[in-house]
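Notes follow the structure.
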Number of protein chains: 2
Amino acid sequence: VLKERELIRRIRKMAGAHQRQRRAWEGHPVVAGIGDDCAILEMTAGHEALVTTDFSLEGVHFRREWLPAREIGRRCLLRGLSDIAAMGGEPLAAFLSLALPRSVEQRWLDGFLVGLLKLAQRYGVALAGGDVAQSPGAVLADIVVVGQAPKGKALRRSGARVGDGIYVTGALGRSASELKAFRGRGRPRHVSLAEPRVEQGQKLRGVASACIDVSDGLSTDLRHICEESGVGAVVEAEAVPVAQGATLQDALHGGDDYELLFTSAKPVPEKAAGVTITLIGEIVRGRKLELVDVAGKRKPFEEKGWEHFRR
Amino acid sequence: VLKERELIRRIRKMAGAHQRQRRAWEGHPVVAGIGDDCAILEMTAGHEALVTTDFSLEGVHFRREWLPAREIGRRCLLRGLSDIAAMGGEPLAAFLSLALPRSVEQRWLDGFLVGLLKLAQRYGVALAGGDVAQSPGAVLADIVVVGQAPKGKALRRSGARVGDGIYVTGALGRSASELKAFRGRGRPRHVSLAEPRVEQGQKLRGVASACIDVSDGLSTDLRHICEESGVGAVVEAEAVPVAQGATLQDALHGGDDYELLFTSAKPVPEKAAGVTITLIGEIVRGRKLELVDVAGKRKPFEEKGWEHFRR
């Protein structure tokens, strides 16, 4: 049984080791981290702060029996980093609120933290604070990531205009196809490691008119852009890049791929930071989302809600 | 049953109404709020960002049968604002991650949000984002507050030095005495409304050498200051200001009072923004915490862990 104080000590010790490494690399935006009432962050002049929070709840967003602890910790932070990427931002610090039931052992916690902290380190992010509690039931995590972007340059959902092309980075559907494998066989042989498109998002500043990360599925996330921008969209099913092993349906509706979906009226490069960019459709007048299917027939692009690991 | 999307719409609508009022008052640090991948905040030049996160979990931090929904929402944000106050900071924006079980009705949610948003409005804070999910069990909330303080001026836990006086704002023990009433009679006749000491914390910049808010109880929170500062402390039991209806034990060990506990070698005013300040002891060499009891006898000032509503 892990007591709250032991939990804080453990997190602080593990985060501290990573943070010291980080300090050796570059400037340290985290002036004060774990161990005070608030963390203190130094922002770069001429920048705005970006803040995102994401729950990772056992039974809703993940299952302990399906994934190793490290991968659960990694995905917890991935969700937040991907939101910063979708704004074209630079992530600075993460905050973890974590409630564990009595049954969770220290080994599981250590795995969770190693997975989270390794990803944090790769993207130059310090674990600068959070909260701990005993959980009344499942493992409950809430991750906050704070980042920054040059003033007025952050990519919003609301900037799509009629005539803009619709683009996506990488390929879609991998998480949905993995989920089917989980459902079929229990643990899959290997788990793909989605990456937050942080570098790619930064390169899209000044290019993309609107941007979002594909966390809920293409059909849902494109709708978010259209709703916030007051426009419609037509997507060519044949143009959508489908991940290896996935189906077109996985790519159209599956979530948790963390690719960037964006719109632009400008010339768009073929790749951003090594990742392919594909034109999949066009922003149109009105509010409707339509899909041109493989037979060339236009039909409503209906949303099939992605409910993470629940379905 | 509240679906996730309905929940977001509801929160956005209620938060939006408050935010528009806020925009009329003063500058608006929230450039973008609910409805994008991240919120965008504009910080004041020459300031550092402050970030704090606090869980409010049903069965751990509160019980739905003991408090009206409004008061639960209010206390959820109070915890975060109090952390900003303890740093001498100015709160800017709040982020609410909220998971509700199917059994919770819209009326309860509305009450919770009204309580939270009214407090937010009073302290000039916008609800700028968060996350929602269906809870696998209890009501789960995690509140994030982002604030700012002039560069290098934030009050830390680590600045207490030997010879500094130990001070506390207001009076202690009210929450602990209320908790006893809850245990005895179910609902108490009235519930006191603790306030975050935001204005008081700002006035302590340049005066306090170390500061913390009393959320876990005097005996625990003073220990946090001593541990981070590498010092010991002696507290005079007779000097500790006891709230009306509370006992000395409530005041020494009870949490959730949200007063500020600070140290200083400088002249300290009798009041800060209308709230009395009391000298209760002195920072000493070593690492021990001692209490001079009402009989004048020195003994170890032992910690009696405050576990919110659990005990």
request  = Provide a single number: the residues in segment B:77-108 that are more than 12 Å from chain A (Cβ to nearest Cβ) and crowded, with 24+ Cβ neighbours inside 10 Å.
outcome  = 2
query = Does residue A:164 satisfy being away from every other protein chain (no Cβ under 14 Å) and either under 19 Å from residue A:49 (Cβ atoms) or touching a strand residue (DSSP E or B) at 6+ places or on another chain (Cβ under 8 Å) (or both)?
reply = yes
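Would you check which residues across segment A:26-38 are farther than 20 Å from residue B:79 by Cα and at the interface with chain B (Cβ under 7 Å from one of its Cβ atoms) and list them? I'd like the intermediate steps shown before the answer.
Here is the first cut: in segment A:26-38, the ones farther than 20 Å from residue B:79 by Cα are A:26-31.
The one that is farther than 20 Å from residue B:79 by Cα and at the interface with chain B (Cβ under 7 Å from one of its Cβ atoms): A:31.
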ask   = Residues of segment B:110-163 being assigned to a strand (DSSP E or B), modelled with pLDDT under 95 and polar (S, T, N, Q), which ones?
value = B:134
inquiry  = Of the conditions (1) in contact with a helix residue (DSSP H, G or I) (Cβ under 6 Å, 6 or more places away or on another chain); (2) modelled with pLDDT of 95 or more, residue A:176 satisfies every one except a single condition; which number is it?
reply    = (2)
request  = Please go through segment A:39-67 and pick out each residue that is facing another protein chain (nearest Cβ under 7 Å) and within 11 Å of residue A:147 (Cα to Cα).
outcome  = A:41, A:42, A:43, A:48, A:49, A:50, A:51, A:52
ask   = Of everything in segment A:109-120 that's touching a residue at least 60 places away in the same chain (Cβ under 8 Å) and closer than 23 Å to residue A:38 by Cβ, which residue is surrounded by the most Cβ atoms within 10 Å (Cβ to Cβ)?
value = A:120
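The values are calculated or read from the model by the stated rules, or taken from the named source; none is laboratory data. No experiment lies behind these values; they were computed from the predicted model shown. Cβ coordinates were reconstructed from backbone atoms using ideal geometry, including for glycine residues, and neighbour counts include every protein chain displayed.
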